[in-house]
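Please find one structure pasted underneath; my questions will follow.
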Amino acid sequence: MGFPQNRHDDFFFLFYNVENLFDIKDDPETADEEFTPGGDRHWTYNRFNKKLLNISKVILSASKWTPPHLIALCEIENRYVLNKLLQDTPLKKYPYKIIHKESPDQRGIDVAFLYNSDVFYPLGYRFFPLKAPDGSIKQSREILYAFGILNKTDTLHIFANHWPSRYSGLLESQHGRNLASQTLSACIKWVREKHREPKIIVAGDFNDQPTNESMYLFLEENEPTAKPSNNKMYNLSLPWMKEDVKTLKHQAQWLVFDQIIVSGSLMNPSDNLHVKPEWAQIVKLPLLIEIDEKYGGVKLKRTYYGFRYQGGFSDHLPVLLKIRTSF
């Protein structure tokens, strides 16, 4: 039974696919050659620093007056670029710390988690590879799992994802995202076996929309409801399907690939740590959007269009969730 709370504090979780945050060095172990000074994109130190500054602007502006306290990023190359982001941009004023490891991805891009150490105390983390039934490991990004105590109130469990892309074709690549979904489902089950009614946030670039096979077939996530079940997952991104500007644009079509899913146990307003469906949103900062002269409407202001440098931000919009702790 919940008790009346006299006051509350709000915290913010951000997920952002920053699109190809590479350093300028050639890693002989990965296919990153195009992001070097002599590569096809002529990726220089100045362009790299501009990218870091742009990402920091987005992070600092995403939740208005208070920068997000918890941040999951994808398409970052290594620990070095994360350190540069936190040390050589205005983010250096904030006590962010890093959880990251190198993934088996062919291009060398990873998922990472940043947290404000003043308000989040990590208790542990793991990285889950996408393992096929035959035991082989798919060369893709691992699922990052971290859990810790937010604002000295309760434990929050976070899964950050970047599922296999559609590059080889939608149907041809579907098995990879289904495998990621199966892996995530097993991870959530594992957490529930270890923790009673854990409060879970699942976020990421799933390379599928909320209504696609990988999202409902294995996760069995449900549309937000007034009376959520503690042991079910609810996709807070479903309403975004009706918005004009979604999280990314392919030619003339807007899509919702970047999503936030939470456990019903995190949606109980009588608990001292909770969220509401309407507290999840796409971050549509004006600086991230420009007129789309080719397909009409607007588009995202990217770092490159094809191989033409533009000095923009990303091909994805960030997504944000407000989390309330009550006392």
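The values are calculated or read from the model by the stated rules, or taken from the named source; none is laboratory data. Remember, it's a predicted structure, so these values are computed and weren't measured experimentally. Virtual Cβ from ideal backbone geometry, glycine too; neighbours counted across all protein chains shown. To get the accessible areas, we keep the full protein, side chains included, count just its heavy atoms, and leave off ligands, DNA and RNA. Shrake-Rupley method; radii C 1.70, N 1.55, O 1.52, S 1.80 Å.
Could you check the stretch 24-66 and list, in sequence order, the residues that are of a type in the set (G, A, S) and assigned to a helix (DSSP H, G or I)?
Within the stretch 24-66, S56, S61, A62 qualify.
Would you mind stating whether A160 is among the hydrophobic types (A, V, I, L, M, F, W, C), under 21 Å from M267 (Cβ atoms) and without any contact (Cβ under 8 Å) to a residue 12 or more places away in the chain?
Considered against the rule, which asks whether it is among the hydrophobic types (A, V, I, L, M, F, W, C), under 21 Å from M267 (Cβ atoms) and without any contact (Cβ under 8 Å) to a residue 12 or more places away in the chain, A160 comes out as no.
Quick test of your reading of the structure: W65 fulfils all but one of (1) hydrophobic (A, V, I, L, M, F, W, C); (2) touching a residue at least 40 places away in the same chain (Cβ under 8 Å); (3) open to solvent by 20 Å² or more (accessible area, probe 1.4 Å); (4) closer than 30 Å to F327 by Cα. Name the failing condition by number.
In the conditions (1) hydrophobic (A, V, I, L, M, F, W, C); (2) touching a residue at least 40 places away in the same chain (Cβ under 8 Å); (3) open to solvent by 20 Å² or more (accessible area, probe 1.4 Å); (4) closer than 30 Å to F327 by Cα, W65 misses (2) alone.
Can you go through S168, S185 and tell me which one is hydroxyl-bearing (S, T, Y), open to solvent by 60 Å² or more (accessible area, probe 1.4 Å) and without any contact (Cβ under 8 Å) to a residue 40 or more places away in the chain?
One residue alone meets the criteria, S168.
Please work out which residue is farthest from D88 (Cα to Cα), limiting yourself to the stretch 36-56 and to residues that are in contact with a Phe, Trp or Tyr (Cβ under 8 Å, 6 or more places away or on another chain) and in contact (Cβ under 8 Å) with a residue 24 or more places away in the chain.
Checked the stretch 36-56; the qualifying residue farthest from D88 (Cα to Cα) is D40.
Okay, residues lined up against (1) touching a residue at least 60 places away in the same chain (Cβ under 8 Å); (2) in contact with a helix residue (DSSP H, G or I) (Cβ under 7 Å, 6 or more places away or on another chain); (3) more than 20 Å from P318 (Cβ to Cβ):
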{"position": "P210", "(1), (2), (3)": "no, yes, no"}
{"position": "E213", "(1), (2), (3)": "no, yes, yes"}
{"position": "E223", "(1), (2), (3)": "no, yes, yes"}
{"position": "A226", "(1), (2), (3)": "no, no, yes"}
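From (1) closer than 18 Å to C187 by Cβ; (2) of a type in the set (D, E); (3) open to solvent by 10 Å² or more (accessible area, probe 1.4 Å), pick out the condition that doesn't hold for D208.
Here D208 clears every test but (3).
Applying the selection to the stretch 138-184, what residues are farther than 16 Å from E75 by Cβ and either touching a His at 6+ places or on another chain (Cβ under 6 Å) or hydrophobic (A, V, I, L, M, F, W, C) (or both)?
A146, F147, I149, L150, L156, I158, F159, L170, L171, L179, L184
Among the residues of the stretch 74-119, count how many are hydroxyl-bearing (S, T, Y), more than 19 Å from L53 (Cα to Cα) and in contact (Cβ under 8 Å) with a residue 24 or more places away in the chain.
Just the residues of the stretch 74-119 that are hydroxyl-bearing (S, T, Y), to begin with: 80, 89, 94, 96, 103, 115, 117.
Now restrict to residues that are more than 19 Å from L53 (Cα to Cα): 103, 117.
Now drop any that are not in contact (Cβ under 8 Å) with a residue 24 or more places away in the chain, which leaves 103.
Summing the residues that are hydroxyl-bearing (S, T, Y), more than 19 Å from L53 (Cα to Cα) and in contact (Cβ under 8 Å) with a residue 24 or more places away in the chain in the stretch 74-119 gives 1.
Still on this structure, please answer the following. Have a look at R192, R141 and point out the one that is in a helix (DSSP H, G or I) and either surrounded by fewer than 21 Cβ atoms within 10 Å (Cβ to Cβ) or at pLDDT 95 or above (or both).
Going through R192, R141 in turn, the sole match is R192.
Can you run down the residue pairs with Cβ atoms below 9 Å, 6 or more apart or on separate chains, where the first is in the stretch 267-291 and of a type in the set (D, E, K, R) and the partner is assigned to a helix (DSSP H, G or I)?
Taking only residues 6 or more apart or on different chains, the pairs are D271/S265; E278/P239.
May I ask you to say which residue of D88, D118, D110, D154 is among the charged types (D, E, K, R) and open to solvent by less than 10 Å² (accessible area, probe 1.4 Å)?
Criteria check complete, one pass: D110.
Taking only the stretch 125-138 into account, find how many residues are under 19 Å from the mean Cα position of the chain (by Cα) and open to solvent by 20 Å² or more (accessible area, probe 1.4 Å).
Within the stretch 125-138, residues that are under 19 Å from the mean Cα position of the chain (by Cα) and open to solvent by 20 Å² or more (accessible area, probe 1.4 Å) number 5.
Which ones in the stretch 155-175 are modelled with pLDDT of 95 or more and of a type outside the set (S, T, Y)?
Those that are modelled with pLDDT of 95 or more and of a type outside the set (S, T, Y): L156, H157, I158, F159, A160, N161, H162, W163, P164.
What pairs come up if the first residue lies in the stretch 139-151 and is over 27 Å from G108 (Cα atoms), the second is surrounded by 21 or more Cβ atoms within 10 Å (Cβ to Cβ) and at pLDDT below 95, and their beta carbons are under 9 Å apart, counting only those six or more places apart or on different chains?
L150/T325; N151/T325
Residues are listed down the side, and each one gets a yes or a no for (1) of a type in the set (A, V, I, L, M); (2) open to solvent by less than 50 Å² (accessible area, probe 1.4 Å); (3) under 23 Å from the mean Cα position of the chain (by Cα):
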site	(1), (2), (3)
F11	no, yes, yes
L14	yes, yes, yes
E19	no, yes, yes
F35	no, yes, yes
R41	no, yes, no
L53	yes, no, yes
K57	no, no, yes
